[in-house]
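Visitor: I am attaching a structure below and will ask some questions about it afterwards.
The values are calculated or read from the model by the stated rules, or taken from the named source; none is laboratory data. This one's a predicted model, so the numbers in the text were calculated from it and none came from an experiment. With ideal geometry, Cβ positions are generated from the backbone for all residues, glycine too; neighbour counts draw on all protein chains shown.
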Amino acid sequence: MSNDLSIVKAIPVLEVADVAVSMKWYRAMLGFSADPFPESPPHQFAILRHGQTEVMLRCGTSRALPGQRQYKWDVYLRLGGGQIRQLFSELTSRGVVSRRLERMFYGLAEFEIKDPDGYAICLAEELADSQELPMPQL
C-alpha cells in the first residue's frame, strides 16, 4: 500500500425499493437534496447531499435488517448547531423515531429514526447539557 493514499470520505450506499420514494423521504425528514439518475423516473440511483454529507441510493431490494432493533444503525449522522432536541421533537411528531433521545456513555446525545425501507439512521450531536438526558437501558 502506498504511503501517499488519502481517503477523504466514506459514503453509505443503501439499496432501496423505490429511489423516488426514498429521495422524497430524505428531503422531507432531513433536508437532503437529491441528484437522481436518470433524471426522470423510474430512477435507478441517486446521490443525496446535505452540506458535505452524502448518502447514495441504489434501486434494489432493501438490505436493512428486519424488526425492531436499537443501537444497530445503518447510517450515523453527526449533527452540529445545537438543534438535536428540536429535530427529535419534529421527527417524533412525524412518527419516524425508533429510539428516544439519550445521552450515551461516550458523551453524545443520540436518537434513531427508520427510513421507508427500514434502515436505522442514528442522529447524534455533542451537547454541553446532555447530562439532562436519560441514559440507554441496554
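Rundown of residues vs (1) in contact with a Lys or Arg (Cβ under 8 Å, 6 or more places away or on another chain); (2) surrounded by fewer than 17 Cβ atoms within 10 Å (Cβ to Cβ), yes/no style:
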position: VAL97; (1), (2): no, no
position: GLU102; (1), (2): no, no
position: TYR106; (1), (2): no, yes
position: PHE111; (1), (2): yes, no
position: LYS114; (1), (2): no, no
position: ASP117; (1), (2): no, no
position: SER130; (1), (2): yes, no
position: PRO136; (1), (2): no, yes
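Visitor: Here's something else I'd like to know. For the range 59-93, how many residues are touching a residue at least 40 places away in the same chain (Cβ under 8 Å) and under 23 Å from VAL21 (Cβ atoms)?
Guide: 15
Visitor: Shifting gears a bit: Looking at (1) more than 15 Å from the chain's Cα centre (by Cα); (2) assigned by TED's automatic domain parsing to the domain that holds GLY118; (3) crowded, with 16+ Cβ neighbours inside 10 Å, find the lone condition where GLN83 falls short.
Guide: (3)
Matching residues to (1) farther than 25 Å from GLY67 by Cα; (2) free of Cβ contacts under 8 Å to residues at least 40 places away in the same chain:
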residue	(1), (2)
GLY95	no, yes
LEU101	no, yes
GLU112	no, no
GLY118	no, no
GLU125	yes, no
GLN131	yes, yes
MET135	no, yes
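Visitor: Name the residue that is modelled with the lowest pLDDT, counting only residues in the range 1-47 that are closer than 21 Å to ASP74 by Cα, of a type in the set (Gly, Ala, Ser) and exposed (fewer than 14 other Cβ atoms within 10 Å of the Cβ).
Guide: Within the range 1-47, the match that is modelled with the lowest pLDDT is ALA10.
Visitor: Go through the residues of the range 56-63 one by one and say whether even a single one is touching a helix residue (DSSP H, G or I) at 6+ places or on another chain (Cβ under 7 Å), modelled with pLDDT of 95 or more and crowded, with 19+ Cβ neighbours inside 10 Å.
Guide: Checking the range 56-63: at least one residue is touching a helix residue (DSSP H, G or I) at 6+ places or on another chain (Cβ under 7 Å), modelled with pLDDT of 95 or more and crowded, with 19+ Cβ neighbours inside 10 Å.
Visitor: Could you check how many residues of the range 1-23 are closer than 17 Å to ILE113 by Cα and out of contact with any strand residue (DSSP E or B) (no Cβ under 9 Å at 6 or more places or on another chain)?
Guide: 1
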